[in-house]
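Reading through the structure tokens given below for one structure.
The values are calculated or read from the model by the stated rules, or taken from the named source; none is laboratory data. Bear in mind that the values here come from a model prediction, so they are computed numbers and not experimental data. As a convention, Cβ positions derive from the backbone with ideal geometry for all residues, glycine included, and neighbour counts pool all protein chains shown. The protein model used for the area step is the full one, side chains on, heavy atoms only, and it has no ligands, DNA or RNA in it. Shrake-Rupley method; radii C 1.70, N 1.55, O 1.52, S 1.80 Å.
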Amino acid sequence: MSKYQSINPYTNETIAQYDLTSQKKVEESIALSHALYRKWRHESPASRSYTLKNIADSLRKNKNNLAKTMTQEMGKLITESKAEVELCANICDYYAEHGPQMLKPVELPTALGQAYYLKKATGVILACEPWNFPLYQIFRVFAPNFIVGNPVLLKHAHNVPSSALFAEKIVKRSGADEGSLLNLFVDYSTLDKIISDKRIAGVALTGSERGGSSVAMTAGKNLKKSTMELGGNDPFIVLSDADSKTLKRCLADARTFNSGQVCTSSKRIIVVKDRYQEVLTDLKEIFSHLRPGNPLDESTTLAPLNSQSAKEKLEKQVQVAINAGAKVEYQYPEIDSSAAFFRPTILTNIKKENPIYDEELFGPVAEVFCVEDEDEAIELANDSSFGLGSSIISCNIGKAQDLAQQLETGMTVINSRWITAPELPFGGVKKSGYGRELSELGLNAFVNEQLVIDMSK
Ligand code: NAP
């Protein structure tokens, strides 16, 4: 059986399967992308802007088909898939417009001579990506590195191979040099060999702790730079003075967007006691109004999970939580379907001893905690192995900013649920990984900041 398969989690049909890329093709791909890096070294970042704009246009032109491919492969709502394509196009536009300026040499004041550092490409980057945003995950690595001059080899998740091929085709058809983005269907041992190859300069992985630690270990062993964008157990803190309308708006899809399969989804909802009942009521109303159905149908609001195995894993985790004392505050009625639907669930009474207290639940499960005050909220929020995103809902922006400063997370959003935008850095601390993607920080992830100093005087 092929490792790389597209299985529609709504119909359970196998749509496509792909053989592993041959060793010969893997070698040719590394050679091609490395040769391209050597060619790009003699060209300016601005010389690639036009092509990146073309890629953005091509993404928009192919929006419907790309969106359909993603929805069929991993089940997300078609409206969310279309928005994802638009986001990818915006990422390309952003780096096409701003990337060259951000890569200009930087002057360094020193009494020792005239000094500056260059921002140069380093070589071929291996992007190892997850299935939850099949296109966005590719473009947040590809677009900045394309402008920098680092070609990208892609190893996508085994369950979204058609999206991987579609992305590769879009880049190729938009006039990008051969080798700018090459997809590889490889197993883990081949992946290790690729990372070890001296022509590979760095590795960007988005995924779980399991995938992250394995790939980071190989990168570390070979002294390759890496960025790790891993899981999260994001706190969503509701303070006493939260505006009710804002709260409702933020809660609306904080835990159900992408069927809750978002690294920065608001998994732990931490509420100061005088707003606790209100939050539970809001969440129950939101969850009970969801409409499961075909994710290709624009009126569906609850999509299946990405696979039957994801559904089984989440069911087991929730059962473990319940066995350890968690209370089921709400559970969506049984869904009469063989699709990978997970019944949206609200859990309370999750004590520190509960095995899921420090685990990521990847699906529409809200863990709601009641706390005495904001100090306890921060303490609970930080009592996690993860440190990706966080939200604070409050009318007092000064206080929210002070509390943000106390949170051990890579990102904090005030009065909204999680967000992402091309110009904003994305990433975490602790077991949520290291390094940043997007923004100028993401552009610099695989740049050689080369010092040049003229000391002749
Ligand atoms: P995953 O199992 O770690 O897979 C991610 C990628 O790594 C896939 O391409 C996978 O390939 C590969 N991989 C997994 N184990 C590997 C190993 N031992 N050696 C080499 N490669 C390996 O993660 P996932 O379950 O697909 O994705 C969900 C996770 O990603 C969640 O934890 C989520 O929070 C996290 N995530 C984080 C961010 C962020 O920006 N921080 C964004 C999105 C998702 P195969 O598919 O072939 O196994």
Difference of contour (0.36 nm per residue) and Cα-Cα distance, N222 to D358:
45.8 nm
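When only DSSP loop residues count, what trypsin sites (Lys or Arg not before Pro) in the stretch 335-402 have their Cβ near at most 10 other Cβ atoms within 10 Å? The partial results should precede the final answer.
Working: sites: K351, K352, K399; in loops: K351, K352.
Here the sparse-neighbourhood loop sites are K351, K352.
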Over all alpha-carbon pairs of the stretch 65-187, lay out the pair-distance distribution in 10 Å bins, whole %, shortest bin first.
13, 39, 28, 12, 6, 2, 0
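So if I average 1/r over every pair of distinct C-alpha atoms in the stretch 234-422 and take the inverse, what Kirkwood radius in Å does that give?
Values: mean 1/r = 0.0600 Å⁻¹.
This gives a value of 16.7 Å.
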Among K169/K225; K248/K431; K248/K273, the pairs whose Cα-Cα distance exceeds 20 Å are K169/K225; K248/K431
Mind checking the per residue accessible area of the stretch 322-457 for me, 1.4 Å probe, whole number of Å²?
45
Mind checking the angle between helix 244-254 and the chain's longest principal axis? C-alpha axes, 0 to 90 degrees, to the nearest 10.
60
Looking only at the stretch 397-411, which residues have a backbone nitrogen under 12 Å from a spot 7 Å from the Cα of N382 in the C-beta direction?
403-409
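Once you keep just the Cα pairs under 8 angstrom separated by 6 or more residues, what percentage relative contact order results for the stretch 234-422? Present the calculation step by step, with values, prior to reporting the outcome.
Working: 348 pairs, mean separation 59.2, N = 189.
The normalised contact order for the stretch 234-422 reaches 31 percent.
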Could you state how much accessible area E298 has, in square angstrom rounded to the nearest 10, with a 1.4 Å probe and all protein chains kept in place?
110
Expressed as a whole number of Å, what is the distance separating the alpha-carbon centroids of the stretch 202-277 and the stretch 1-67?
27
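How high is the relative contact order of the chain? Use alpha-carbon pairs under 8 Å, at least six apart in sequence, and give a whole percent. Please list the in-between numbers first.
Numbers: 1019 pairs, mean separation 86.9, N = 457.
So the answer I get is 19 percent.
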Which links in K352/K399; K82/K399; K3/K221 stretch past 30 Å when you go from one Cα to the other?
K82/K399
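Could you give the C-alpha radius of gyration of the stretch 125-227 expressed as a fraction of 2.2 N^0.38 Å, taking N as the number of residues it contains?
Numbers: Rg = 12.7 Å, N = 103, 2.2 N^0.38 = 12.8 Å.
Relative to the rule-of-thumb radius for its length, the stretch 125-227 sits at 0.99.
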I'd like the orientation of helix 49-61 relative to the chain: the angle between its Cα long axis and the longest Cα principal axis, in ° from 0 to 90, rounded to 10.
40
With every protein chain in place, what's the accessible area of W418 (1.4 Å probe, Å², nearest 10)?
30
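Based on Cβ point charges of +1 for Lys and Arg and -1 for Asp and Glu, what charge dipole magnitude is obtained for the stretch 54-155 about its Cα centre, in debye rounded to the nearest 20? Could the numbers behind the result be given before it?
Details: 11 positive and 9 negative charges, 30 e Å.
Charge dipole, the stretch 54-155, about its Cα centre: 140 debye, nearest 20.
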For C128, what accessible surface area do you get with a 1.4 Å probe? Give it in Å², rounded to 10.
20
Could you give the angle, 0 to 90 degrees to the nearest 10, between helix 276-288's Cα long axis and the longest principal axis of the Cα atoms of the chain?
70
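Counting Lys and Arg as +1 and Asp and Glu as -1, each charge on the Cβ, what is the dipole of the chain about the Cα centre in debye, to the nearest 20?
Numbers: 52 positive and 56 negative charges, 338 e Å.
The calculated dipole for the chain is roughly 1620 debye.
Under the 0.36 nm per residue contour assumption, what length would be gained going from the current alpha-carbon distance of N12 and A31 to full extension?
Details: separation 19, 0.36 × 19 = 6.84 nm, distance 3.82 nm.
Gain on stretching N12 to A31: 3.0 nm.
On full extension of the chain, what length is gained from A111 through R210, given 0.36 nm per residue of separation minus the C-alpha to C-alpha distance? Write out the running numbers ahead of the final one.
Values: separation 99, 0.36 × 99 = 35.64 nm, distance 4.81 nm.
Net length gain for the segment: 30.8 nm.
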Under the Karplus relation with 6.51, -1.76 and 1.60 and θ = phi - 60°, whole-Hz ³J(HN,Hα) for the stretch 67-73, x at Gly and Pro, equal 4, 5, 4, 5, 4, 5, 7
Let me check the size of the stretch 7-137 from its C-alpha atoms; what are the radius of gyration and Dmax in Å?
19.7, 68
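From the alpha carbon gyration tensor of the stretch 53-114, can you work out the equivalent ellipsoid semi-axes (sqrt of 5 times each eigenvalue) and give them in Å, largest to smallest? List each step's numbers first, then the result.
On the way: eigenvalues 315, 29, 9 Å².
Working from the Cα gyration tensor, I get semi-axes of 40, 12, 7 Å.
Any of K198/K313; K76/K104; K155/K430 with alpha carbons more than 29 Å apart? Name them for me.
Working: K198/K313 38 Å; K76/K104 39 Å; K155/K430 25 Å.
Where the Cα-Cα span goes over 29 Å, the pairs concerned are K198/K313; K76/K104.
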In the chain the accessible area split gives carbon plus sulfur, as whole percent at 1.4 Å, a share of 52
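Would you rank S390, S338 by solvent-accessible area, highest first, keeping every protein chain in place and using a 1.4 Å probe?
Details: S390 5, S338 85 Å².
Of S390, S338, the descending order of accessible area is S338, S390.
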Starting from one equal scatterer on each C-alpha and no solvent at all, send me the Debye-based log10 I(q)/I(0) for the chain at q = 0.09, 0.13 Å⁻¹, two decimals.
-0.60, -1.19
The set of residues whose placed amide H lies less than 5 Å from the amide H of L154, leaving out same-chain residues fewer than 5 positions away, is A127, L182, N183, L184
